[in-house]
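Colleague: Here's a structure for you.
The values are calculated or read from the model by the stated rules, or taken from the named source; none is laboratory data. No experiment lies behind these values; they were computed from the predicted model shown. Here the Cβ positions follow ideal geometry from the backbone for every residue, glycine too, while neighbour counts run over all protein chains shown.
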C-alpha cells in the first residue's frame, strides 16, 4: 500500500506545482485595464458586466449577435447591463433612445430596430420626431413615447450614464466593464470581439474566486 501511495502523492505534488507555476491567461495592462477607482455596480451581490455601446457604432452593431448569445448563457451570479457611451450630441440623443426603451419596456421591440435603422437604412435618428416615427412603427403609443422622452427618469439616466462613462475611462466603443473594476476593449493583444468575451470570462472567474 505504501508503494502505491508514494507515486500518487508525488503525482499530486507535480500537478499542484504545475498549476501554481502556470502564468495567468490574461495580463493586466496587456489584455485588460484596471480602473483607477472602482465604479459602483447596480447589484453588489452580482458580478456585473457592463457593455458601453453606441447605436451608431458599426462594431457595436456587429457585436450584437455574439454578445446576445454570450449573455444567454451567463450563470445566475453574473448580471449584464448596458450603458450608452456619449461624447457628442448625436450620442446623447441615442443614449436617450436607450433609456426611453427602458422606461417603456420596449427594448425587445425597438433595440434591434434602432440599430438596423442607423446601419441599414441610414436613418441616423437625430431628432425626437425621427425616433418617435420609428417607435410608433414598432407599435409604441406616440403619446407614451413623448412623455418618456422628456421624463425626469430618462433625463437623469442619461446624465448618470455620462458620469459612468467618464468613471470607466472609456474613449471608444464597444468596451466591457467587469464588476466596476476592469475595462476590456479590442487592441493589439485582444484582436477580436470573441477574444474580448474570453477576457471577460477570465475576469468574471477572478471576481468569483475573490468572493469565495
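Conditions (1) farther than 18 Å from residue 53 by Cα; (2) out of contact with any strand residue (DSSP E or B) (no Cβ under 7 Å at 6 or more places or on another chain), marked per residue:
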position: 110; (1), (2): no, yes
position: 117; (1), (2): no, yes
position: 135; (1), (2): yes, yes
position: 147; (1), (2): yes, yes
position: 182; (1), (2): no, no
position: 206; (1), (2): yes, yes
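Colleague: Any residue in the stretch 200-212 that is under 15 Å from residue 74 (Cα atoms) sitting within a Cβ distance under 7 Å of a residue that is surrounded by fewer than 17 Cβ atoms within 10 Å (Cβ to Cβ) and modelled with pLDDT of 95 or more? List the pairs, counting only those 6 or more apart or interchain.
Modeller: 208/77
Colleague: If you check residue 53 against the conditions, is it buried (at least 22 other Cβ atoms within 10 Å of the Cβ) and at pLDDT 95 or above?
Modeller: yes
Colleague: For the structure I just gave you, tell me whether residue 172 is within 17 Å of the chain's Cα centre (by Cα), farther than 22 Å from residue 45 by Cα and surrounded by fewer than 18 Cβ atoms within 10 Å (Cβ to Cβ). Reasoning before the result, please.
Modeller: On the way: within 17 Å of the chain's Cα centre (by Cα): yes; farther than 22 Å from residue 45 by Cα: yes; surrounded by fewer than 18 Cβ atoms within 10 Å (Cβ to Cβ): yes.
In short, yes.
Colleague: Report yes if some residue within the stretch 103-115 is over 21 Å from residue 68 (Cβ atoms) and either assigned to a helix (DSSP H, G or I) or modelled with pLDDT under 95 (or both); otherwise report no. Reasoning before the result, please.
Modeller: Applying the first criterion (over 21 Å from residue 68 (Cβ atoms)) to the stretch 103-115 yields 103.
Still in the list and also either assigned to a helix (DSSP H, G or I) or modelled with pLDDT under 95 (or both): 103.
Within the stretch 103-115 (the criterion being over 21 Å from residue 68 (Cβ atoms) and either assigned to a helix (DSSP H, G or I) or modelled with pLDDT under 95 (or both)), the answer is yes, since at least one residue qualifies.
Colleague: Being in a loop (DSSP other than H, G, I, E, B) and modelled with pLDDT of 95 or more is the filter; apply it to the stretch 190-212 and report the residue that is nearest to residue 97 (Cα to Cα).
Modeller: In this case the residue turns out to be 192.
Colleague: Still on this structure, I have one more. Filter the stretch 56-73 down to the residues that are loosely packed, with under 15 Cβ neighbours inside 10 Å and in a loop (DSSP other than H, G, I, E, B) and list them by number.
Modeller: Hits for the stretch 56-73 are 72, 73.
Colleague: Taking the criterion of being modelled with pLDDT of 95 or more, surrounded by fewer than 15 Cβ atoms within 10 Å (Cβ to Cβ), on the phi < 0 side of the Ramachandran plot and in a helix (DSSP H, G or I), would at least one residue in the stretch 35-47 satisfy it?
Modeller: no
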